[in-house]
1. Could you tell me which numbered condition PHE333 fails, if it satisfies all but one of (1) under 30 Å from THR169 (Cα atoms); (2) more than 22 Å from the chain's Cα centre (by Cα)?
2. Got at least one residue in region 72-90 being over 26 Å from ASP129 (Cβ atoms), more than 23 Å from the chain's Cα centre (by Cα) and in a helix (DSSP H, G or I)?
3. Looking only at residues in region 121-176 that are among the β-branched types (Val, Ile, Thr) and under 20 Å from the mean Cα position of the chain (by Cα), which one is nearest to PRO91 (Cα to Cα)?
4. Consider VAL103 against the criteria (1) surrounded by 20 or more Cβ atoms within 10 Å (Cβ to Cβ); (2) assigned to a helix (DSSP H, G or I): it satisfies all of them except one. Which criterion is unmet?
5. Being in a helix (DSSP H, G or I) and either touching a residue at least 60 places away in the same chain (Cβ under 8 Å) or not assigned by TED's automatic domain parsing to the domain that holds PRO236 (or both) is the filter here; which residues of region 128-186 pass it?
6. Here is a check on your reading of the model: is GLY83 touching a strand residue (DSSP E or B) at 6+ places or on another chain (Cβ under 8 Å), more than 26 Å from THR342 (Cβ to Cβ) and touching a residue at least 12 places away in the same chain (Cβ under 8 Å)?
7. For region 278-336, give me each residue that is more than 22 Å from ARG55 (Cα to Cα) and of a type in the set (Phe, Trp, Tyr).
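The values are calculated or read from the model by the stated rules, or taken from the named source; none is laboratory data. Predicted model only: the values in this text are computed from it and were never measured. For neighbour counting, all protein chains shown are included, and Cβ atoms are generated from backbone atoms with ideal geometry for every residue, glycine included.
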Amino acid sequence: MSSTPRGTVYIETYGCQMNVSDSELMYGRLAEYGYTPVDRPDGADVILVNTCAIRDHAEQRVIGRLGELKRFMGRDTVLGVTGCMAQRLGPSLLTRARHVQLVVGPDGYRALPSLIEGARAGERVARVDFDLEEHYEDFSARRFEGVRAWIPVQRGCDYKCTYCIVPMTRGPERSRRLADVVREAREIAEHGTSEVTLLGQTVNSYHDGEHDFADLLRAVGAVPGIRRLRFTSPHPNDFSDRVIAAMAEVPSVCEHVHLPMQSGSTRTLRRMLRRYSREGYMDCVARLRAAMPSLAITTDIIVGFPGESEAEFAETLSAVQEVGFDDAFTFIFSARDGTPATRLPASMTISAEESRDRLQRLIEVVRDGARARNLALLGSRHEVLFERPSRRGTLLQGRTRQHRTVLVPGGTSLIGQYRVVELTGTTGSTFTGAFVGAGRPLPLAG
């Protein structure tokens with residue numbers, strides 16, 4: 001390791017929170033070796049594009065962006081591609097984009113400093129081997145946000161849903177030791193950050209060989225200074241009674257779960273190999289709400305999966321109405337090379353036109369339900385943690401424990417502060433609010 005200045009590094013991040021966390025780890029690793037992080041690619045000595053491979057659109061966007069980045073490259077600039085797309089395409093990216101010198105998968109970030117030095121000497125390298133022991137425990141992340149922090153607790157996935165590329169880009173599931181996660185949470189709290197989110201591909205299946213996810217929630221929730229504890233993304237099959245009890249009993253666990261449904265049809269779920277039925281999903285929702293009555297639930301839903309009939313799609317619409325989601329991320333099925341879904345008969349393919357129509361109908365049902373629930377919340381009061389200035393003039397943006405976005409007039413001195421806010425208006429997706437009690441700060445828990 002060397003603190004000798006090596007130049008500047010810019011990382012552009014695409015995809016999920018795990019990629020955001022990985023970019024923080026890469027920034028931290030390179031800072032230890034003398035690189036200075038910058039927030040623009042113009043003139044950067046090292047440019048890394050941290051990529052997602054979950055949908056074809058995401059990959060095409062990155063390919064286009066790699067072409068655009070040429071104009072920011074100087075004679076000695078190193079350009080690399082990291083993350084899931086790098087893992088999936090491997091050395092072929094070096095052929096596809098001749099100005100790219102490095103291709104590094106999610107388990108190769110430890111070698112980044114030496115790989116960059118090699119690229120400066122003219123080497124072009126793809127490092128995409130899996131390392132099932134790698135959790136980057138000795139890395140010091142350079143965190144983007146002072147208000148909240150991401151903590152990876154698990155890497156990879158064992159579920160192998162037929163549409164999903166993640167097992168091929170992130171490898172099999174493995175969990176960090178509970179003690180290491182608690183240590184990181186304690187360090188975060190000591191630096192003044194009071195909200196943490198535990199990350200994993202199926203985070204509630206966490207098990208380090210001795211401790212399960214319920215143990216993890218209780219241990220992190222007991223760290224002094226951690227006021228809000230979130231996690232994403234869980235799998236419906238892994239909400240054991242122990243996990244749900246821990247969620248209800250640990251005060252810092254927030255009343256919000258992002259619970260991917262993907263489809264409301266048992267037949268479609270079976271083709272997806274989601275390993276639960278519609279009834280099983282509804283039972284999970286009921287158990288969660290029985291333990292946490294004020295729980296907000298958001299979800300992921302795919303339309304146009306091969307073989308999805310109009311009747312099966314109607315089951316998804318009815319499931320959305322039955323659950324009453326607070327919001328949903330909705331997608332058209334995207335076939336990924338190497339996944340089992342690509343081997344389904346071509347006759348099962350849903351046309352692009354029909355898929356777009358179903359997506360629009362789904363979005364309308366989700367929005368109508370969310371708008372009705374949000375209108376019913378007007379006049380209620382909530383604890384809000386303010387995160388950053390909004391895009392709307394002098395307003396500040398914050399979130400409730402249920403992960404609802406609230407905009408309130410205020411100065412930047414309130415960022416990182418907790419206030420009680422009364423919800424006064426809604427656009428259907430976000431809220432406006434007013435401070436209660438002159439906006440006095442709330443005492444820190446713990």
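1. (2)
2. There is at least one residue in region 72-90 that is over 26 Å from ASP129 (Cβ atoms), more than 23 Å from the chain's Cα centre (by Cα) and in a helix (DSSP H, G or I).
3. Ranking the candidates gives THR169 first.
4. So the condition that VAL103 fails would be (2).
5. First, the residues of region 128-186 that are in a helix (DSSP H, G or I): 166-170, 178-186.
If the condition is that a residue be in a helix (DSSP H, G or I) and either touching a residue at least 60 places away in the same chain (Cβ under 8 Å) or not assigned by TED's automatic domain parsing to the domain that holds PRO236 (or both), then VAL166, MET168, THR169, ARG170 are the ones that fit.
6. Values: touching a strand residue (DSSP E or B) at 6+ places or on another chain (Cβ under 8 Å): yes; more than 26 Å from THR342 (Cβ to Cβ): no; touching a residue at least 12 places away in the same chain (Cβ under 8 Å): yes.
The answer is no for GLY83.
7. TYR281, PHE325
Okay, residues lined up against (1) without any contact (Cβ under 8 Å) to a residue 40 or more places away in the chain; (2) on the phi < 0 side of the Ramachandran plot; (3) not acidic (Asp, Glu):
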{"position": "ASP42", "(1), (2), (3)": "yes, yes, no"}
{"position": "ILE47", "(1), (2), (3)": "yes, yes, yes"}
{"position": "LEU79", "(1), (2), (3)": "yes, yes, yes"}
{"position": "TYR109", "(1), (2), (3)": "no, yes, yes"}
